[in-house]
Amino acid sequence: MTLAEAEALDAADPLAPLRDRFMRPDGLIYLDGNSLGMLPQASVAASADMVERQWGERLIRSWNEGWIDAPTRIGGKIAPLIGADAGEVIAADSTSVNLFKLLVAALRRDPARTVVVSEAGNFPTDLHIAAGAVGCVPGAELRVVARDDLADALGDDTAVLLLTHVHYKTGARFDMARWTANAHAVGALVLWDLSHSAGAVAIDLNGANADLAVGCGYKYLNGGPGAPAYLFVAERWQAALGNPLSGWMGHAAPFAFTDDYVAATGMKRWLTGTPPVLGLGALEAALGLWDGVDFAMVERKSATLFDMLLAAGKAAGLECVTPRDPVARGSHISFRHDDAYAITQALIARGVIGDFRDPDVLRLGLTPLTLSHVDVWHAGRLLGEVIASGEWQRPEFTVRAAVT
Ligand SMILES: *Cc1c(COP(=O)(O)O)cnc(C)c1O
């Protein structure tokens, strides 16, 4: 693709106006919105209002002026992005903590079902939390198998199949309807981690008949560093499953201050402690960006951006490990190279921010709301230059930082 062709695509891009609704540092091509989304302008204003007026002036009165309902309200705004009903999603805690709550609840549903099945190479926290969750339920066990062995690992002892919809490293996407049906065929629940798919691809939890889901607020949803996460419980399970982290905010009447725990109805029972109001404010403002956004357009643009970087990577001799079929991947592209870390650093030095995933993956996020085709055209050009020049071999690019 030529630069002129990329410019023509931008001119015809229905998502192009959204780019200006983000803070965009000069001279930077940001291909890491899959890890930490860019800052929406609306979040700047919302955060200032939250701090100065809602906290500074209104003080504790703000709890009754919108704060106490924020987790439910924001859950309702996330719901349409993941194919859920408004009353099936709540914003709370981190993805890790939400995984714990739902896994323990799924294990307690039926004492005859004791096994959590998940994929080897799943995002680390999913496996670590699953190990912690089975440790909290007597008799429970974690079965972690390769992707190809997942179907065989399911059985009548399976309590829950825990899958990450889009793989953080390769970008490979599970067929949600098919794997939900596979879990249901043995009587198990399915728990989807949507961290790398919400805001990246069209998701239809209810269309797939999914049971449970969690996901991040700070990746494609642009909620800000450490933004609150969310969880989904299908309406049909809401009365049957209980939150093991039974805190006062999940109580039916938190301000009755009673000794005994009585779970709230609906999604509120999945709250534990006091909601992180400042973070929720930034997340809520960021969610406004999706009003009227059609995921068919998001997926189409993502596919074009993918093809541009795939061609650039191929020309540079890089091996792409992400599926070529758009429905079988999320919205990032990953290349394998023995020196992927140094290449990532050399790209960052040229103003193209991607990231490295141990041990050998260069990962480039393609966020259709924040990137133009011209941005990605230049990223492809710079990737080619960094490889062809051998500049990534400079010693400073091999020094590992704490966060890669
Ligand atoms: C990013 C990510 C997480 C992060 O969990 P935190 O609790 O926010 O640290 C979890 N799971 C997956 C699949 C992720 O991609």
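The values are calculated or read from the model by the stated rules, or taken from the named source; none is laboratory data. Please read all numbers here as calculations on a predicted model, not as lab measurements. Because the Cβ atoms are built from the backbone with ideal geometry, glycine has one as well, and the counts that use them run over all protein chains shown.
How many residues, within the range 95-121, are polar (S, T, N, Q), farther than 8 Å from ALA159 by Cα and surrounded by fewer than 21 Cβ atoms within 10 Å (Cβ to Cβ)?
Total meeting the criteria: 1.
Assuming MET176 fulfils every condition listed in (1) over 14 Å from LEU99 (Cβ atoms); (2) within 16 Å of the ligand (Cβ to nearest atom); (3) out of contact with any Asp or Glu (no Cβ under 8 Å at 6 or more places or on another chain) apart from one, which condition is it?
Every condition holds for MET176 apart from (3).
Please name all residue pairs, on different chains or six or more residues apart, with Cβ atoms under 8 Å, provided the first residue is in the range 145-173 and is on the phi > 0 side of the Ramachandran plot and the second residue is part of a loop (DSSP other than H, G, I, E, B) and within 16 Å of the ligand (Cβ to nearest atom).
Hits for this filter: GLY171/HIS196; GLY171/THR322; GLY171/GLY330; GLY171/SER331.
If the requirement is being within 12 Å of the ligand (Cβ to nearest atom) and either assigned by TED's automatic domain parsing to the domain that holds ALA131 or closer than 21 Å to ALA240 by Cβ (or both), which of these qualifies: ASP193, ASP152?
ASP193
Of all residues in the range 220-253, which are touching a strand residue (DSSP E or B) at 6+ places or on another chain (Cβ under 8 Å), assigned to a loop (DSSP other than H, G, I, E, B) and without any contact (Cβ under 8 Å) to a residue 60 or more places away in the chain?
SER246, ALA252
Could you give every pair whose Cβ atoms fall below 7 Å, whose first residue belongs to the range 43-63 and is in contact (Cβ under 8 Å) with a residue 60 or more places away in the chain, and whose second residue is part of a loop (DSSP other than H, G, I, E, B), counting only separations of at least 6 or pairs across chains?
Pairs that qualify, where the first residue is in contact (Cβ under 8 Å) with a residue 60 or more places away in the chain and the partner is part of a loop (DSSP other than H, G, I, E, B), are SER43/GLY224.
Kindly establish whether TRP63 is within 25 Å of ALA264 (Cα to Cα), more than 26 Å from the chain's Cα centre (by Cα), surrounded by 15 or more Cβ atoms within 10 Å (Cβ to Cβ) and in the same structural domain as ASP211 (by TED's automatic domain parsing).
yes
Each row is one residue, and each column tells you yes or no for (1) in the same structural domain as ALA12 (by TED's automatic domain parsing); (2) aromatic (Phe, Trp, Tyr); (3) within 26 Å of GLY223 (Cα to Cα); (4) without any contact (Cβ under 8 Å) to a residue 12 or more places away in the chain.
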site: ASP325; (1), (2), (3), (4): yes, no, no, yes
site: HIS332; (1), (2), (3), (4): yes, no, yes, no
site: LEU347; (1), (2), (3), (4): yes, no, yes, no
site: VAL352; (1), (2), (3), (4): yes, no, yes, no
site: LEU364; (1), (2), (3), (4): yes, no, yes, no
site: THR367; (1), (2), (3), (4): yes, no, yes, no
site: GLN393; (1), (2), (3), (4): yes, no, no, no
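How many residues does the range 217-241 contain that are of a type outside the set (Ser, Thr, Tyr) and crowded, with 24+ Cβ neighbours inside 10 Å?
11
Test each condition in (1) surrounded by fewer than 17 Cβ atoms within 10 Å (Cβ to Cβ); (2) within 10 Å of the ligand (Cβ to nearest atom); (3) touching a residue at least 24 places away in the same chain (Cβ under 8 Å) for PRO124 and report the one that comes out false.
The single condition PRO124 does not satisfy is (3).
Got a sec? Which of ALA210, ALA200, ALA188 is crowded, with 23+ Cβ neighbours inside 10 Å and in contact with a Gly (Cβ under 6 Å, 6 or more places away or on another chain)?
After ruling out the rest, the residue left standing is ALA200.
Is it true that some residue in the range 256-268 is assigned to a loop (DSSP other than H, G, I, E, B), surrounded by 14 or more Cβ atoms within 10 Å (Cβ to Cβ) and either touching a Pro at 6+ places or on another chain (Cβ under 8 Å) or in contact (Cβ under 8 Å) with a residue 60 or more places away in the chain (or both)?
The answer is no, given that none of the residues of the range 256-268 is assigned to a loop (DSSP other than H, G, I, E, B), surrounded by 14 or more Cβ atoms within 10 Å (Cβ to Cβ) and either touching a Pro at 6+ places or on another chain (Cβ under 8 Å) or in contact (Cβ under 8 Å) with a residue 60 or more places away in the chain (or both).
Condition check ((1) away from the ligand (no atom under 12 Å from the Cβ); (2) within 18 Å of VAL233 (Cβ to Cβ); (3) of a type in the set (Lys, Arg); (4) in the same structural domain as LEU241 (by TED's automatic domain parsing)) across all residues:
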position	(1), (2), (3), (4)
VAL104	yes, yes, no, yes
THR114	yes, no, no, yes
CYS136	yes, no, no, yes
ASP157	yes, no, no, yes
GLY171	no, no, no, yes
ALA183	yes, yes, no, yes
ALA188	yes, yes, no, yes
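Any residue that is more than 16 Å from TRP377 (Cβ to Cβ) and not assigned by TED's automatic domain parsing to the domain that holds LEU280 - is there at least one of those in the range 2-14?
yes
Can you pull out every residue in the range 159-180 that is surrounded by fewer than 21 Cβ atoms within 10 Å (Cβ to Cβ) and under 22 Å from THR114 (Cβ atoms)?
Residue satisfying the conditions is TRP179 alone.
More than 26 Å from the chain's Cα centre (by Cα) and modelled with pLDDT under 95 - does that describe any residue in the range 12-25?
Checking the range 12-25: not a single residue is more than 26 Å from the chain's Cα centre (by Cα) and modelled with pLDDT under 95.
Return yes when ASP49 is of a type outside the set (S, T, N, Q) and within 14 Å of the ligand (Cβ to nearest atom) and no when it is not.
The answer is no for ASP49.
Of the residues that make up the range 141-157, is at least one buried (at least 23 other Cβ atoms within 10 Å of the Cβ), assigned to a helix (DSSP H, G or I) and within 22 Å of the chain's Cα centre (by Cα)?
No, every residue in the range 141-157 fails to be buried (at least 23 other Cβ atoms within 10 Å of the Cβ), assigned to a helix (DSSP H, G or I) and within 22 Å of the chain's Cα centre (by Cα).
Within the range 55-66, can one find any residue that is out of contact with any Pro (no Cβ under 9 Å at 6 or more places or on another chain) and among the hydroxyl-bearing types (Ser, Thr, Tyr)?
Yes, there is a match, as at least one residue in the range 55-66 is out of contact with any Pro (no Cβ under 9 Å at 6 or more places or on another chain) and among the hydroxyl-bearing types (Ser, Thr, Tyr).
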